[in-house]
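Asks: Let me give you the structure first, and then I'll get to my questions.
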Amino acid sequence: MKRWIACALLSSLAAAGARAPVSLDAAGAGALRAALMRLPAAEAPPAVLRRGLAAQRALLEAFYAHRDYTLLWSDGGAASAEASAVIGALQAAADEGLQPRDYAPDELALQLRTLRQSPAAPVAWADFDRRLSASALAFIADLHDGRIDPRTAHFELPPHTGRFDALAQLQQLATEPDTRTVLERLEPQFIHYRLLEQALPRFRELARQPALSRLPPLPHARLAAGERYAGAAQLRPLLAALGCAPPESAGIAAPADPQVLDAPVVEALTCLQSLYGLRVDGVLGRATYAALTTPLAQRVRQIELTLERWRWLPPLRAPSIIVNIPQFRLFALTSTQDHESSMLRMNVIVGRQYPHTRTPVFTADMRYVVFRPYWDVPRSILTREILPLLQRNPDYLRSQDMEIVRGASDQAAVVPLSAESIEALAAGQLRLRQRPGPENALGLIKFVLPNPYDVYLHSTPATRLFDQPRRTFSHGCIRVSDPVALAEQVLAGNAGDWTASRIIAAMNGDATLHVPLAVPVHVLIVYGTAVATEDGAVHFFDDIYGYDRQLESLLGLPPLPAGG
């Protein structure tokens, strides 16, 4: 910690702004030092307590000591314009998906008004200075890194490293007149973070109209085009608010019977189903009704939680692949400018919802591609599923084209099936694998990204499952719907002209083939239940693993009001 503080201070001093501070007299410097060392928990904003009161105190003490205890936010008994601007930014922290109460901005504003109304001693200005610095420093850290360590949410994402220096940013906030620009530099620098952040005010406004999403119950499980529904008239403004139907002012005539699901409403339902990852059929069924009647305050919360998770991510580096688990989608990028027009996109299948089969959230580098892979059966699947089946049906291995082997390589010796080999298999002395072929669980191609979870991307013979809207069918690995296109993209840097036809030939060849990637691909497995896209749409997805609820608890967010 001390080494980090020292390095940060050197950077901060080098980045000091143009306004030279005026040193306090001895009494004022002593007052500031005493205020910093006092920093009682009763006065600290929640964000400071969350990050550690002792660490915050030590950081600010060292920072002000290097400034010779000069005030950062006032001079000669007058607060700077930047002080007011930063307090305003803290009051507007909700625009960033953060909680203003975490930074005590109203208390700071009241303290500043009191100081301005009557002459104040240096100790009062010193107290204000350290309070504002503590709140601003916590805000900077929250905006750049997120409010909690992602590992507390069981997300194995690398800690932020590099040139970021929170103290230098604090100095810039206190000296640069454009507070907004300084704050924007702190946020994740990828387009889809900014798009989601820009969507937040619109959904906050919609959440102020809770009646908008309150629809009458469905009379039966499915309502198709032309059927009557008591809430049909209410659907029009709701769908328009969610971006799936133009408002009446755009020239759409009112229906002859407002309680009939007419063609414009059915078309808008189809749009909504596409945005929310539902079955796209234009039918008002239970899943679509549940999506429509989810309180809009809950949609705001989804945006806030996803923005928090996006802050945890490392900077994008090319080439990269992003898999968003609740969206069941993969995005492959060839540059750090993540425009949708340049992405390869496809559907994926992810892990089931049981704790031991969920697809984990992590980052890793894809290193090689395997054509016609063996499937090495994970021990968890072997013990939970296959050994019990084998005990009931000795012919199970033959029917699944599986074999018992000794050793870790593809060239491992096959061990004949016997009671002894099954016993050794159960004891972990032998290994079970499925031979390559079209019925192999991995399909005909495997994309390997070494990681502690033994999770990878692969094709699948069960392609019919991609037709399902909720694609939680695997044991944790990620099945891709267009393996040829993905292989073509990740092998683009390799010699040998890996065209689609050559990839298909390798997938259907006679031998297992390992191809190292000339350029490793950075893979990010992420979890976001709200996504904004460049066409202005906002997509929402089910919290399939319950991670939104978990994060709400970890952040100590207030419960949403009943009914939104």
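The values are calculated or read from the model by the stated rules, or taken from the named source; none is laboratory data. Only a predicted model underlies this, so the values are computations on that prediction, with no experimental measurement involved. Because the Cβ atoms are built from the backbone with ideal geometry, glycine has one as well, and the counts that use them run over all protein chains shown.
Asks: Right, Ala532: aliphatic (A, V, I, L, M) and within 26 Å of Tyr193 (Cβ to Cβ) or not?
Replies: Yes: the conditions hold for Ala532.
Asks: For region 478-488, which positions are in a helix (DSSP H, G or I) and surrounded by fewer than 20 Cβ atoms within 10 Å (Cβ to Cβ)?
Replies: Taking region 478-488 first, the residues in a helix (DSSP H, G or I) are 483-488.
Val484, Ala485, Glu488 - these are the residues of region 478-488 that are in a helix (DSSP H, G or I) and surrounded by fewer than 20 Cβ atoms within 10 Å (Cβ to Cβ).
Asks: Hand me the list of strands (runs of 3 or more DSSP E) wholly inside region 372-477 holding 1 or more residues that are more than 30 Å from Ala518 (Cβ to Cβ) and small (Gly, Ala, Ser).
Replies: Values: elements: 402-406, 413-415, 431-434, 445-448, 472-474.
The qualifying strands (runs of 3 or more DSSP E) are 413-415.
Yes or no, residue by residue, for (1) under 16 Å from Met346 (Cα atoms); (2) in contact with a strand residue (DSSP E or B) (Cβ under 9 Å, 6 or more places away or on another chain):
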| position | (1), (2) |
| --- | --- |
| Arg471 | yes, yes |
| Trp498 | no, yes |
| Ile504 | no, no |
| Ala511 | no, yes |
| Leu524 | yes, yes |
| Thr529 | no, yes |
| Gly546 | no, no |
| Arg549 | no, no |
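Asks: Any residue at all in region 490-497 that is polar (S, T, N, Q) and at pLDDT 95 or above? Give the derivation first.
Replies: Going through region 490-497, the residues polar (S, T, N, Q) turn out to be 494.
Now restrict to residues that are at pLDDT 95 or above: none.
Taking every residue of region 490-497 in turn, none turns out to be polar (S, T, N, Q) and at pLDDT 95 or above.
Asks: A further question on this structure: Residue under question is Gln56, and the condition is that it be modelled with pLDDT under 95 and farther than 15 Å from Trp125 by Cβ; does it hold?
Replies: Details: modelled with pLDDT under 95: yes; farther than 15 Å from Trp125 by Cβ: yes.
In short, yes.
This table checks each residue for (1) touching a residue at least 60 places away in the same chain (Cβ under 8 Å); (2) more than 18 Å from Arg435 (Cβ to Cβ).
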position	(1), (2)
Ser380	yes, yes
Arg392	no, yes
Asp395	no, no
Gln400	no, no
Val405	no, no
Ala412	no, no
Pro416	no, no
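Asks: I'd like the residue in region 354-382 that is among the polar types (S, T, N, Q) and surrounded by 14 or more Cβ atoms within 10 Å (Cβ to Cβ) and, out of all such residues, is nearest to Pro520 (Cα to Cα).
Replies: Pass one, region 354-382, residues among the polar types (S, T, N, Q): 357, 359, 363, 380.
Right, trim to surrounded by 14 or more Cβ atoms within 10 Å (Cβ to Cβ) and you get 357, 359, 363.
Values: Thr357: 27, Thr359: 21, Thr363: 13 Å.
Result: Thr363.
Asks: Determine if region 66-82 includes at least one residue that is modelled with pLDDT of 90 or more, closer than 17 Å to Ala168 by Cα, surrounded by 14 or more Cβ atoms within 10 Å (Cβ to Cβ) and among the acidic types (Asp, Glu).
Replies: yes
Asks: If we keep just the residues of region 138-181 that are within 23 Å of the chain's Cα centre (by Cα) and of a type in the set (A, V, I, L, M), which is nearest to Gln198 (Cα to Cα)?
Replies: Leu143
Asks: For region 158-205, give me the residue count where each residue is hydroxyl-bearing (Ser, Thr, Tyr) and over 17 Å from Ala83 (Cα atoms).
Replies: From region 158-205, those hydroxyl-bearing (Ser, Thr, Tyr) are 161, 175, 179, 181, 193; that's our starting set.
Among the residues that remain, those that are also over 17 Å from Ala83 (Cα atoms) are: 161, 193.
Of the residues in region 158-205, 2 are hydroxyl-bearing (Ser, Thr, Tyr) and over 17 Å from Ala83 (Cα atoms).
Asks: Any idea how many residues of region 453-502 are among the basic types (Lys, Arg) and touching a residue at least 60 places away in the same chain (Cβ under 8 Å)? Give the steps one after another, and end with the answer.
Replies: The first filter runs over region 453-502 and keeps only residues among the basic types (Lys, Arg), leaving 464, 470-471, 479, 502.
From what's left, touching a residue at least 60 places away in the same chain (Cβ under 8 Å): 470-471, 479.
Residues that pass the stated criteria total 3.
Asks: Still on this structure, please answer the following. I need the full set of residues from region 320-351 which are of a type outside the set (S, T, N, Q), more than 14 Å from Tyr527 (Cα to Cα) and either in contact with a Gly (Cβ under 8 Å, 6 or more places away or on another chain) or at pLDDT below 90 (or both), in order please.
Replies: Matches in region 320-351: Asp338, His339, Glu340.
Asks: Pro119 passes all but one of (1) in contact (Cβ under 8 Å) with a residue 40 or more places away in the chain; (2) within 19 Å of Val182 (Cα to Cα); which number fails?
Replies: Result: Pro119 fails condition (2) only.
Asks: Please work out if Asp365 is closer than 22 Å to Val538 by Cβ, under 19 Å from the mean Cα position of the chain (by Cα) and in contact (Cβ under 8 Å) with a residue 12 or more places away in the chain. Lay out the reasoning, then the answer.
Replies: Values: closer than 22 Å to Val538 by Cβ: no; under 19 Å from the mean Cα position of the chain (by Cα): yes; in contact (Cβ under 8 Å) with a residue 12 or more places away in the chain: yes.
Spelling it out, it is not the case that Asp365 is closer than 22 Å to Val538 by Cβ, under 19 Å from the mean Cα position of the chain (by Cα) and in contact (Cβ under 8 Å) with a residue 12 or more places away in the chain.
Asks: Return the residues of region 244-302 that are surrounded by fewer than 16 Cβ atoms within 10 Å (Cβ to Cβ), modelled with pLDDT of 95 or more and among the small types (Gly, Ala, Ser); say none if nothing qualifies.
Replies: Once the filter is applied, which keeps residues that are surrounded by fewer than 16 Cβ atoms within 10 Å (Cβ to Cβ), modelled with pLDDT of 95 or more and among the small types (Gly, Ala, Ser), region 244-302 yields Ser274, Ala290.
Asks: Turning to a different aspect of this structure: What about Gln91, is it of a type in the set (S, T, N, Q) and farther than 24 Å from Tyr64 by Cα?
Replies: Working: of a type in the set (S, T, N, Q): yes; farther than 24 Å from Tyr64 by Cα: yes.
Against the criterion (of a type in the set (S, T, N, Q) and farther than 24 Å from Tyr64 by Cα), Gln91 qualifies.
Asks: Would you point out which residue out of Arg549, Arg502 is over 19 Å from Phe328 (Cα atoms), among the basic types (Lys, Arg) and within 19 Å of the chain's Cα centre (by Cα)? I'd like the intermediate steps shown before the answer.
Replies: On the way: Arg502 fails: within 19 Å of the chain's Cα centre (by Cα).
Matching residue, one of Arg549, Arg502: Arg549.
Asks: Look through Arg101, Arg130 and report the one residue that is farther than 30 Å from Pro452 by Cα and surrounded by fewer than 18 Cβ atoms within 10 Å (Cβ to Cβ).
Replies: Details: Arg130 fails: surrounded by fewer than 18 Cβ atoms within 10 Å (Cβ to Cβ).
After applying the criteria, what remains is Arg101.
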